[in-house]
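Contents: one structure, followed by commentary.
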Amino acid sequence: MPIVRITYSHQYHRATAHNWGCNMRCRGCSYLLKEPPRPAVTPSLAEVKAALASIDGCQAVHFMGGEPTLNKQLPELLRFAKRELGLTTKLGHTNGWNLITEDLDGTNVTLKAWDDELHREYTGLPAQRIRDNFVAAFEAGLDMRASSVLIPGYIDLDQLEPIVAFIAGLSPEIPFHLMGFIPVPGAPWPRPTEDEMAAAVALCRRYLTTVGSSHLTPAQLLDHEARDDRFIVRQVL
């Protein structure tokens, strides 16, 4: 799956390489609201390297999706960014299915559900491999972050509690972000209420020391720049 564009945040001195495509088919994926079609022409490996090397003042590069680990060029791009450009390298988000560690400084893994049957129903793939990869990345010394989506009545507190307990079993210091479900076409579940979000955040904080949350509407999701200056970027490639 190819990288389709590179953006740069001058304020945060960070480039982001955006990958297209995912190996999961999450029934409530927010990309159902905003994912563009795959471009007919995508940059070559040489063009991606040249774009990253051209950014004056860049200190870090984040690889994002879709699912960035599907890109067969990723190991070489990590090596190039880390060893030749001296950049901090992170997966801005990943589902953890193909988590790699070499030349990678940190990763943010979204843990979808705890129960394997539910995980398969929601994503199309089993859960245990992702947890095993999370442990391996933590033991390799990566800067770990995690996130989950609260879907009332479906992926609810009964799924969330074992997820945060699992993370805390590695380290309660791992930062965790809870996202409220954003209704998407074809998904039957409601957006969480403020009270449901508050109860879920309180549950997470019983296990983890650093818990953030977001509770966006579809309109807010589609207008990142208005709410978060990390999304104020210029396109490099």
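The values are calculated or read from the model by the stated rules, or taken from the named source; none is laboratory data. Keep in mind that this is a model prediction, so the values were computed, not measured. Note that each Cβ is placed from the backbone with ideal geometry, even for glycine, and that neighbours are counted across all protein chains shown.
Residues that are of a type in the set (Asp, Glu) and over 26 Å from ILE3 (Cα atoms): find the helices (runs of 4 or more DSSP H) completely inside the range 169-237 holding 3 or more of those.
Where helices (runs of 4 or more DSSP H) fall fully within the range 169-237 and carry at least 3 residues being of a type in the set (Asp, Glu) and over 26 Å from ILE3 (Cα atoms), they are 194-205.
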First in the range 31-44 and under 24 Å from LEU216 (Cα atoms), second anywhere and not in a loop (DSSP other than H, G, I, E, B), Cβ under 6 Å, 6 or more apart: LEU33/PRO218
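Condition check ((1) out of contact with any strand residue (DSSP E or B) (no Cβ under 6 Å at 6 or more places or on another chain); (2) within 19 Å of PRO2 (Cα to Cα); (3) assigned to a helix (DSSP H, G or I)) across all residues:
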site	(1), (2), (3)
LEU78	no, yes, yes
ALA81	no, yes, yes
GLY86	yes, no, no
GLU102	yes, no, no
ASN108	no, no, no
ALA113	no, no, no
TYR122	yes, no, yes
Identity of the residue in the range 64-76, among the aliphatic types (A, V, I, L, M) and assigned to a helix (DSSP H, G or I), that ends up nearest to the chain's Cα centre (by Cα): LEU70
Tally of residues being closer than 29 Å to GLN159 by Cα and touching an Asp or Glu at 6+ places or on another chain (Cβ under 9 Å) across the range 215-237: 1
Which listed residue is surrounded by fewer than 21 Cβ atoms within 10 Å (Cβ to Cβ) and touching a Ser or Thr at 6+ places or on another chain (Cβ under 8 Å), from VAL61, VAL4, VAL41: VAL4
Contacts under 8 angstrom Cβ, first residue in the range 165-189 being farther than 13 Å from ARG205 by Cα, partner at pLDDT 95 or above and among the polar types (S, T, N, Q), 6 or more apart: MET179/SER147; MET179/SER148; MET179/SER213; MET179/SER214; GLY180/SER213; GLY180/SER214
The range 83-99 - residue that is under 14 Å from the mean Cα position of the chain (by Cα) and of a type in the set (A, V, I, L, M) and, of those, surrounded by the fewest Cβ atoms within 10 Å (Cβ to Cβ): LEU99
